[in-house]
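Enquirer: For reference, the structure I am asking about is given below.
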Amino acid sequence: MSLADTSSRGGRRGFGKLLAVNWSLVLLLCALASAGFLMLYSVAGGSAEPWAEPQMVRFVAGLVIMLAIGMIDIRFWRLVAPLAYLVSLVLLVAVDAMGVIGMGAQRWIALGPIQLQPSEMMKIALVMALAAYYARLDPAKVSRPFWVILPLLLILMPVALVMEQPDLGTAILLLAGGGSVMFLAGVSLWYFAAAFASGAGLVTAVIKSQGTDWQLIEDYQFRRIFTFLDPDADPLGAGYHITQAKIALGSGGLTGKGFMQGTQARLNFLPEKHTDFIFTTLAEEFGYVGTTAILVLYALVVVFCVASAVSNRDRFGALMTGGIAMSFFLLFAVNMGMVMGLMPVVGVPLPLISYGGSAMLVLLAAFGLVQSAHIHRPRGRD
Amino acid sequence: MKGGAQPELPGIGRRAVLLLGLQAGLAGALAWRMRDLQIVQNERYRLLAEENRVNLRLIPPARGLITDRHGALLAGNRQNYRIVMVRERAKDPAAVLARLAEIVELPSDRQVRALKEMEGRSPFVPVVVAEHLSWDDVARVAANTPVLPGVDAEVGLSRFYPDGPSTAHVIGYVGPVSEADLAKLQDPDPLLQIPRFQIGKTGIEQRLEHELRGQAGAQRIEVSAAGRVMRELGRVEGTAGRDLELTLDLGLQSYAMQRMAGQSSAAAVIDVTNGDIVALASAPGFDPNSFVFGISSGEWNGLLGDDYRPLANKTVTGTYPPGSTFKVCMALAALEAGVVHPGDGVSCPGFTALGNRRFHCWKHGGHGRVDLRRSLSQSCDCYYYEMGRRLGPDRISAMAHKLGLGVAHDLPMPAVSAGNMPDAAWKKVNRKEAWTTGDSFNYGIGQGFTLASPLQLAVMVARVASGTAVKPRLIRAVGGEAVPFEAPAPLDIAPQHLHAVRDGMFAVSNEGTAYRSRIADPAMLMAGKTGTSQVRIITAAERAAGVTSNEQLPWKRRDHALFVCFAPYDKPRYALAQIVEHGGGGSAVAAPIARDILLYALCGGLPPLSAYPAEQRDAIEKARAVTPPAAEGAATTPARNRA
């Protein structure tokens, strides 16, 4: 599989590839990002500074990166997938080591002006690596224990490292992203049942471990879980964020208070109003109509990706696209669930809308891979 | 991966659809939750958001003004310049405070307190650093703004008493509401929750607090989560307190204070035609403004330690044995009871024997035969021992009450004393003893159990002079509306008896004991009665050794000097009661002061010298030259201690 095969695979070259880009998907991403710019402008009190403008610049840069990645043949990405995984894993270890050596937890590596978060990279690398693994594996063997243990290790290694940081949100996303690729690859449902069972056991163990010497998660994570379970018990303390977020959401009503009229965000009742809790401002200012519209846009992104995956006869491309779609779904679902009080506050930003460069670039790079799979997919039975 | 390999690859279709279904379910749950929060529970959360956002802040109303009968301001509100500091803008509050202390007076303990308060509050909350500053101070602070980051001048309203000490006892003062006040007052007014809100602590300020306070305004403000004020949403102005117009005449009041300066003294002047209290002066005064600003412990201890008791309201709260001034009441009681006629003579040998006790007349050797007129003008004690014996306590008490003694008059001041005008039953209850004739003798000369306040004595004279049941009043108008006035009913006393007593009082001032303190102007002739009430028992041993003169006694054991009077005699206008605590003889000490105050009231200012007896005019003219009449001589006297 040399790169010279590229032209014969998709049958397209140069300008033709640009036409083959999944433009509907690009349009959806632009719509979501634009909603983000509006909200960042609003929470800054009607100012492009300090959030909206940098976010736009990053988004445009991200779009360029996405298209560039999309132009490159999918086989290249399959080839580099194991490498990407390895590099990400090494960086994760490095970050953990730095955290031990330096002061406190650190999640990023400074590369000049860019702050690289290995855990963000790992989200894509894991999906790529698993997709590449299953693309090579004989489908008849996918459910054999030996061939299940290997991908399981691929998933659990970074999960353990991320938990070490500690970053519960990313750990969940890695687990679910990796799990969904295995699921799509056709691993027997019994394994998933067993995983759920052991997961439930683990959660029980974690809860039980509180206050003991072998406590499995940090105290602040425990607090988050308990305040999630009963935010009203301490409305001014740890439950304050959830309570205020729900007030912002609920006070929006059907059509909202109007652009820039959200009092909860403007008066700083909302925590992290430009990052993790930006959805509450959107809900406050645009109401149920606004939140539903955003939800529909996100769902469409997922549906477009899955549609592309299903029609893709290249197993690597299909599995990767599906895995990325699932990860993307989890991103916004976890964030929304979090601010609506359905999940503990785990620190997951709202994709494309929350302020944040690293997450945005990584996400658009992932969609670049989706584009690559889409553009270079072997179509139909021609 | 060409050709034949492809069909073996299973599509991901089935699993993808399963996954999509799961996702659709989750997305549906999210949508459902959104609907629940945003549509179903919208109302609840909208209210919560509003509660978050909007704070109600009270605007203190302007306190009602208090003026005298001519509109002169007795209690007003003046701008209170204060300096506030915002910690977050000051950066280094201690350094800024030190710089501020170079510009305005700022004691180090005040600096420490301000620093502590700032640390205890959110960094953006202005904390009052200094209060009651002058405009000059504020101007200096404004000029130094660049080196005083976070320092601002603010202006609020604070109570102010322009003529402080003159009316301090009547008006009282305000002070910041205390925990004790909150516990005591069953007052739900939210204004009281404002820190440092000023409420009346004593005097009219306290008793008419409900009129003066007014109603709070409210300001709806939008606040941020941290409590920072973002903007004003709406404002409802409060209602200012109602203004009070008093019956007092500030000119007369100030003059009385000035005239009494250096004495522990009190004077009450009543308009006999309607009961208006035109002066109610208690000397020495104190400066109520000190209390508003927070009195220093030195000043406070000085006030408390002063034997002249500047804080006491001697006019209505202080009660004294009325002494011979009570003979006015005795004479009327005797005439009304029919136990004596004006012309009846009583013999005064200098004492009255009762069993083996002797009750002495003040005059050694006695007055000889005394009728009613002489009994008053010479203040014969024996005559009134006899009247006491003839009347018995109950009839004396009844007349006293009729004349306004032994009754707490309804005045808007705390601790208005009822005095004591006992009857037989009173002694039975309070002393567990039967009334004795000796008690009646003492009653007759206003000693023993009898107690009256200067105000009550003034009311007594006003009633005798007018023949009506004059009721004293202090408030002319509230909020611009005149307080309804009821013409006093005639007293149930025969006019000829009233005339006989008035005639006796005329004789006191123009022939008798108070002759030196008469008014010479025929249009303003005065009638009065002297009184010298003992605050000690003269023992038989003392009497044997010759009565110790007042000057030889320590101040606290000297007699009280009293004088009651009214003028003009033929058309009474003002009644006055005067007391000089431990001043000595009523005729020598109290009467001259009383005459001057009464003349001032009658003339509406300093009287012409022609009003005085010819032989006194030179001395009075000289005295006036020394003390310019414009000077307010009523300032707080320095602390004395004679203990």
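Enquirer: Here are A:A318, A:A325: which of them is facing chain B (nearest Cβ under 8 Å), crowded, with 21+ Cβ neighbours inside 10 Å and either in a helix (DSSP H, G or I) or on the phi > 0 side of the Ramachandran plot (or both)?
Expert: A:A318
Enquirer: Can you find a residue in the range B:209-224 that is under 20 Å from B:S290 (Cα atoms), modelled with pLDDT of 75 or more, in a strand (DSSP E or B) and of a type outside the set (G, A, S)?
Expert: Taking every residue of the range B:209-224 in turn, none turns out to be under 20 Å from B:S290 (Cα atoms), modelled with pLDDT of 75 or more, in a strand (DSSP E or B) and of a type outside the set (G, A, S).
For every residue, the table says whether it meets (1) surrounded by 18 or more Cβ atoms within 10 Å (Cβ to Cβ); (2) farther than 30 Å from B:G203 by Cα; (3) modelled with pLDDT of 95 or more.
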site	(1), (2), (3)
B:G345	no, yes, no
B:Q378	yes, yes, no
B:L391	yes, yes, no
B:L411	yes, no, no
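Enquirer: So which residues in the range B:28-50 are at the interface with chain A (Cβ under 7 Å from one of its Cβ atoms) and either over 14 Å from A:T292 (Cα atoms) or crowded, with 20+ Cβ neighbours inside 10 Å (or both), if there are any at all? Walk me through it before giving the result.
Expert: Let us first name the residues in the range B:28-50 that are at the interface with chain A (Cβ under 7 Å from one of its Cβ atoms), namely B:30-31, B:33-35, B:37-39, B:41-42, B:44-46, B:48-49.
Residues satisfying the conditions are B:L30, B:M34, B:L37, B:Q38, B:Q41, B:N42, B:R44, B:Y45, B:R46, B:L48, B:A49.
Enquirer: Right, here's the next one. Just to check your reading of the model, which residue among B:L74, B:L47, B:L56 is of a type outside the set (K, R) and more than 30 Å from B:E205 (Cβ to Cβ)? Before the answer, list the steps.
Expert: Numbers: B:L74 fails: more than 30 Å from B:E205 (Cβ to Cβ); B:L56 fails: more than 30 Å from B:E205 (Cβ to Cβ).
Answer to the selection: B:L47.
Enquirer: Also: Has the range B:362-373 got at least one residue that is of a type outside the set (K, R), in a helix (DSSP H, G or I) and either at pLDDT below 90 or in contact with a helix residue (DSSP H, G or I) (Cβ under 8 Å, 6 or more places away or on another chain) (or both)?
Expert: At the first step, the residues of the range B:362-373 found to be of a type outside the set (K, R) are B:362, B:364-368, B:370-372.
If we keep only those that are in a helix (DSSP H, G or I) as well, we get B:372.
Applying the additional criterion that residues be either at pLDDT below 90 or in contact with a helix residue (DSSP H, G or I) (Cβ under 8 Å, 6 or more places away or on another chain) (or both) yields B:372.
So far as the range B:362-373 goes, yes, one or more of its residues are of a type outside the set (K, R), in a helix (DSSP H, G or I) and either at pLDDT below 90 or in contact with a helix residue (DSSP H, G or I) (Cβ under 8 Å, 6 or more places away or on another chain) (or both).
Enquirer: In the range B:444-465, is there at least one residue being surrounded by fewer than 19 Cβ atoms within 10 Å (Cβ to Cβ), β-branched (V, I, T) and in a loop (DSSP other than H, G, I, E, B)?
Expert: There is no residue in the range B:444-465 that is surrounded by fewer than 19 Cβ atoms within 10 Å (Cβ to Cβ), β-branched (V, I, T) and in a loop (DSSP other than H, G, I, E, B).
Enquirer: Can we say B:A283 is at pLDDT below 90, under 15 Å from the mean Cα position of the chain (by Cα) and surrounded by 21 or more Cβ atoms within 10 Å (Cβ to Cβ)? Break it down into steps so the answer makes sense when it comes.
Expert: Numbers: at pLDDT below 90: yes; under 15 Å from the mean Cα position of the chain (by Cα): yes; surrounded by 21 or more Cβ atoms within 10 Å (Cβ to Cβ): yes.
Spelling it out, B:A283 is indeed at pLDDT below 90, under 15 Å from the mean Cα position of the chain (by Cα) and surrounded by 21 or more Cβ atoms within 10 Å (Cβ to Cβ).
Enquirer: Select from the range B:71-89 the residues that are in contact with a helix residue (DSSP H, G or I) (Cβ under 7 Å, 6 or more places away or on another chain) and surrounded by fewer than 20 Cβ atoms within 10 Å (Cβ to Cβ) and list them in ascending order.
Expert: Matches in the range B:71-89: B:A72 only.
Enquirer: Within the range B:375-394, is there a residue that is part of a loop (DSSP other than H, G, I, E, B) and free of Cβ contacts under 8 Å to residues at least 24 places away in the same chain?
Expert: Checked the range B:375-394: no residue is part of a loop (DSSP other than H, G, I, E, B) and free of Cβ contacts under 8 Å to residues at least 24 places away in the same chain.
Enquirer: Could you please let me know if A:L202 is in contact with a helix residue (DSSP H, G or I) (Cβ under 9 Å, 6 or more places away or on another chain) and aliphatic (A, V, I, L, M)?
Expert: no
Enquirer: Also, quick follow-up: Might you check whether a residue that is of a type in the set (S, T, N, Q), more than 14 Å from chain A (Cβ to nearest Cβ) and more than 30 Å from B:P123 (Cα to Cα) occurs anywhere in the range B:219-228?
Expert: For the range B:219-228, residues of a type in the set (S, T, N, Q), more than 14 Å from chain A (Cβ to nearest Cβ) and more than 30 Å from B:P123 (Cα to Cα): absent.
Enquirer: Sort out which residues of the range A:303-315 are touching a residue at least 24 places away in the same chain (Cβ under 8 Å), among the hydrophobic types (A, V, I, L, M, F, W, C) and crowded, with 23+ Cβ neighbours inside 10 Å, and write them in order of number.
Expert: A:C305, A:A309
Enquirer: Restricting to the range B:295-311, name every residue that is assigned to a loop (DSSP other than H, G, I, E, B) and in contact (Cβ under 8 Å) with a residue 40 or more places away in the chain. It would help to see each step written out before you state the result.
Expert: If we filter the range B:295-311 for residues that are assigned to a loop (DSSP other than H, G, I, E, B), which is where we start, we get B:295-296, B:306-311.
Listed by number, the residues that qualify are B:D306, B:D307, B:Y308, B:R309, B:P310.
Enquirer: Determine which member of the set A:F183, A:F196 is within 14 Å of chain B (Cβ to nearest Cβ), more than 25 Å from A:L86 (Cα to Cα) and not in a loop (DSSP other than H, G, I, E, B).
Expert: Only one candidate passes the filter, namely A:F196.
Enquirer: Right, next: Suppose we filter the range B:493-511 for residues that are part of a loop (DSSP other than H, G, I, E, B) and out of contact with any Leu (no Cβ under 7 Å at 6 or more places or on another chain); how many remain?
Expert: The qualifying residues number 2.
Enquirer: From B:A465, B:A500, B:A482, B:A514, grab the single residue that is over 22 Å from the mean Cα position of the chain (by Cα), aliphatic (A, V, I, L, M) and farther than 20 Å from B:A279 by Cβ. Lay out the reasoning, then the answer.
Expert: Values: B:A465 fails: farther than 20 Å from B:A279 by Cβ; B:A482 fails: over 22 Å from the mean Cα position of the chain (by Cα); B:A514 fails: farther than 20 Å from B:A279 by Cβ.
Checking each option against the conditions leaves just B:A500.
Enquirer: Which of the numbered conditions does A:A373 fail, given that it passes all the others? Conditions: (1) within 14 Å of the chain's Cα centre (by Cα); (2) aliphatic (A, V, I, L, M); (3) at pLDDT 90 or above.
Expert: (1)
Enquirer: Which pairs turn up if I take residues in the range A:46-67 that are among the hydroxyl-bearing types (S, T, Y) and look for partners that are surrounded by 15 or more Cβ atoms within 10 Å (Cβ to Cβ) with beta carbon separation below 7 Å, at least 6 apart in sequence or on another chain?
Expert: Every condition considered, the pairs that remain are A:S47/A:Y41.
Enquirer: To continue, here is another question. How many residues, within the range A:333-354, are closer than 29 Å to A:A61 by Cα and either within 9 Å of another protein chain (Cβ to nearest Cβ) or part of a loop (DSSP other than H, G, I, E, B) (or both)?
Expert: Qualifying residue count, the range A:333-354: 11.
Enquirer: Right, next: Here are the criteria: (1) within 8 Å of another protein chain (Cβ to nearest Cβ); (2) at pLDDT 90 or above; (3) out of contact with any Gly (no Cβ under 8 Å at 6 or more places or on another chain). Tell me which single one B:R53 does not satisfy.
Expert: The one condition B:R53 does not meet is (2).
Enquirer: Which residue is nearest to the other protein chains (Cβ to nearest Cβ), if the candidates are limited to the range A:259-278 and must be in contact (Cβ under 8 Å) with a residue 24 or more places away in the chain and closer than 16 Å to B:Y45 by Cα?
Expert: A:F269
Enquirer: To continue, here is another question. How many residues are surrounded by fewer than 18 Cβ atoms within 10 Å (Cβ to Cβ) and under 37 Å from the mean Cα position of the chain (by Cα) if we restrict to the range B:108-124?
Expert: Final tally of qualifying residues: 8.
Enquirer: Looking at the range A:238-254, is at least one residue more than 26 Å from A:W51 (Cα to Cα), within 9 Å of chain B (Cβ to nearest Cβ) and touching a residue at least 24 places away in the same chain (Cβ under 8 Å)?
Expert: Yes, because at least one residue in the range A:238-254 is more than 26 Å from A:W51 (Cα to Cα), within 9 Å of chain B (Cβ to nearest Cβ) and touching a residue at least 24 places away in the same chain (Cβ under 8 Å).
Enquirer: B:R242 is checked against (1) part of a loop (DSSP other than H, G, I, E, B); (2) at pLDDT below 80 and fails just one. What number does that condition carry?
Expert: Condition (2) is where B:R242 drops out.
The values are calculated or read from the model by the stated rules, or taken from the named source; none is laboratory data. All of these numbers come straight from a predicted model, not from anything done at the bench. Cβ: placed from backbone, ideal geometry, glycine included. Neighbour counts: every protein chain shown.
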